[in-house]
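Supplied in structure tokens, the structure appears directly below.
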Amino acid sequence: MLVLGLETSCDETGIALYDTEKGLLAHRIYSQIAVHAEYGGVVPELASRDHVRKSLPLIREAMAESGYALSDLDGVAYTRGPGLVGALLVGACLGRTLAWSLQIPAVGVHHMEGHLLAPMLEDDAPEFPFIALLVSGGHTQLVLVTGIGEYELLGESLDDAAGEAFDKAAKMMGLPYPGGPQLSRLADEGNATRFRFPRPMTDRPGLDFSFSGLKTFTRTTILQCAEDGVLSEQDQKDIAAGFQLAVVDTLAIKCKRAMKQTGVHRLIIAGGVGANSLLRRRLREMTEEMGGKVFYPRPELCTDNGAMIAYAGAQRLLAGESAELGVSCVPRWPMTELQAVSLDDVVVEERQ
Ligand code: KG4
Ligand code: ZN
């Protein structure tokens, strides 16, 4: 089954072609960083307009790279939510209309399910069950995954998401948007032990997170170090390193706790913060010490992309799911509301 995936939930236009037998055939990501940089964050209306501009050229490029024509497609998958409603509507209208014109099924995919299944696109894919650490700009969740659509929420952030905390700390340090990756680059050259940032909520039981206190600690540390409001380069690097280590330590402590609590020793990391190299290294060491294993997508498939939407959509299309002709998007959508995908459904659909 050849599936076109469209991701337009925020500030990246992601287009991909995934074949259930041959794997990922082509993918294109266009980042809107330049569009939003001067505003210091994503401007929803500009994001929607840019998705309109970029989607068709990227589809043409991806189709050309794959060597297939639109008429070869068996299905279209688009991100239905959560995300910015205007941005979501661009991909949803385009995907639903394209599928209608080709007389093939379309499916609306949950963005976080896309992230969660992205490690399946790699050669070394995890088997079920596994624990998923979802760390993006809008979510920080620990989920027990027993199958596609079978998600038990073990813990989540009570306030800021990990990526959001990275972005806010970066902004306080005067780094340009998008701050997370910039802060991480600085951190790699800093002394992580000069400032002892707290490891929030690790001293009490449970698997929830809270990252808003790190913001306050960052602000206070900046005020202590800055002369006339300006931080030296070394101070910037050391604050970034202390901050990054605190987030990574906190995530690692909770992942270890989740593995102990469930007895499941396979861990996957997905979402934008999953591109963080210290987090990847640290979780690999931690899982190996526990006799377990960590799986993660290549960094470009950790941040928003069309491949994860094409993959997740393909699984649901295979099971016979198909979106109605009306276009609907869901800006807020708990992942636990998703239907489980049973392979039995595939057999039943084929026999009918
Ligand atoms: O999954 P994603 O691309 O979009 C959402 O669904 O939110 O995640 C974006 C988030 C941003 O907050 C960004 O700062 C963060 O992921 N991020 C990073 C790194 N790369 C992206 N945070 C820390 N280190 C990185 N290398
Ligand atoms: Zn995302």
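The values are calculated or read from the model by the stated rules, or taken from the named source; none is laboratory data. Remember, predicted model here, so these are calculated numbers, not experimental data. Reconstructed Cβ throughout: ideal geometry from the backbone, glycine too, with neighbour counts over all protein chains shown. Heavy atoms of the whole protein, side chains included, go into the accessibility calculation; ligands, DNA and RNA do not. Shrake-Rupley method; radii C 1.70, N 1.55, O 1.52, S 1.80 Å.
Could you tell me whether the stretch 269-344 comes out rounded, prolate or oblate from its Cα gyration tensor? Rule is a ≥ b ≥ c as square roots of the eigenvalues, rounded for a/c under 1.5, then prolate if a/b exceeds b/c, otherwise oblate. Don't skip to the answer; put the middle values down first.
Working: a/c = 2.60, a/b = 1.92, b/c = 1.36.
Prolate, because a/c is 1.5 or more and a/b exceeds b/c.
Right, next: Straight-line reach from LYS168: which lysines have Cα under 18 Å away, leaving out those fewer than 8 places along the same chain?
Leaving aside lysines fewer than 8 places away in the same chain, those within reach of LYS168 are LYS215, LYS237.
On to the next question. Cross-link partners among lysines for LYS293, C-alpha distance below 21 Å, same-chain residues fewer than 8 apart left out?
LYS254, LYS256, LYS260
Checking understanding here: applying a Kyte-Doolittle mean of at least 0.0 and a length along the axis of at least 24 Å (C-alpha), which whole DSSP H helices in the chain pass? It would help to have the intermediate numbers written out before the result.
On the way: long enough: 44-66 (31 Å, -0.56); 85-102 (25 Å, 1.51); 233-262 (43 Å, -0.29).
Within the chain the helices that satisfy the rule are 85-102.
Can you list residues from other chains, or at least 5 along the same chain, whose modelled amide H is less than 5 Å from the amide H of PHE209?
So PHE209 has HN proximity to GLU156, SER157, LEU158.
Picking from PRO198, PRO44, PRO334, which is most flexible by a Gaussian network model of the chain using Cα springs under 10 Å?
PRO334
Right, here's the next one. Tell me the relative contact order for the stretch 86-184 as a rounded percent, counting alpha carbon contacts under 8 Å between residues six or more apart. Working shown, then result.
Values: 105 pairs, mean separation 14.4, N = 99.
Worked out over the stretch 86-184, it gives 15 percent.
With unit charges on the beta carbon (Lys/Arg positive, Asp/Glu negative), name the residue among ALA310, SER277, GLY320 whose Cα is farthest towards the positive pole of the charge dipole of the stretch 268-329.
The listed residue farthest towards the positive side: SER277.
Something else: Choose one answer from ALA323, ALA169, ALA310: the residue with the largest mean-square fluctuation in a GNM of the chain with alpha-carbon springs under 10 Å.
It is ALA323.
State to the nearest 20 debye the size of the charge dipole of the stretch 32-127 about its Cα centre, where the only charges are +1 on K and R beta carbons and -1 on D and E beta carbons. Don't skip to the end; give the middle numbers.
Working: 6 positive and 12 negative charges, 130 e Å.
Here the size comes out at about 620 debye.
Another one. Using the Cα centre of the chain as origin and beta-carbon charges of +1 (Lys, Arg) and -1 (Asp, Glu), tell me which of LEU214, LEU24, PHE195 is placed farthest towards the positive end of the dipole.
Working it through, the farthest residue towards the positive pole turns out to be PHE195.
Here is a further query. Please identify, among LYS260, LYS215, LYS54, the residue showing maximal mean-square fluctuation in a Gaussian network model of the chain using a 10 angstrom Cα cutoff.
In the Gaussian network model the winner is LYS260.
Sticking with this structure for a sec: Could you work out the relative contact order of the chain, using alpha carbon pairs under 8 angstrom and six or more residues apart, expressed as a whole percent? Show your work: numbers first, answer last.
On the way: 762 pairs, mean separation 86.4, N = 352.
Averaging sequence separation for qualifying contacts and normalising by length gives 25 percent for the chain.
Rounded to the nearest 5, what % of the DSSP beta bridges within the chain are antiparallel ones? Provide the component values of the computation, followed by the final result.
Working: 27 of 44 bridges.
In the chain, approximately 60 percent of DSSP beta bridges are antiparallel ones.
Something else now. Keeping every protein chain in place, order LYS293, LYS237 by accessible area at 1.4 Å, biggest value first, i.e. largest first.
Details: LYS293 85, LYS237 30 Å².
These residues rank, largest area first, as LYS293, LYS237.
Now for a separate question. Sticking with the crude label model, points 7 Å out along Cα→Cβ, report the distance from ARG219 to ALA69 in nm, one decimal please.
Each label point is offset 7 Å from its Cα along the Cβ direction, giving 6.0 nm.
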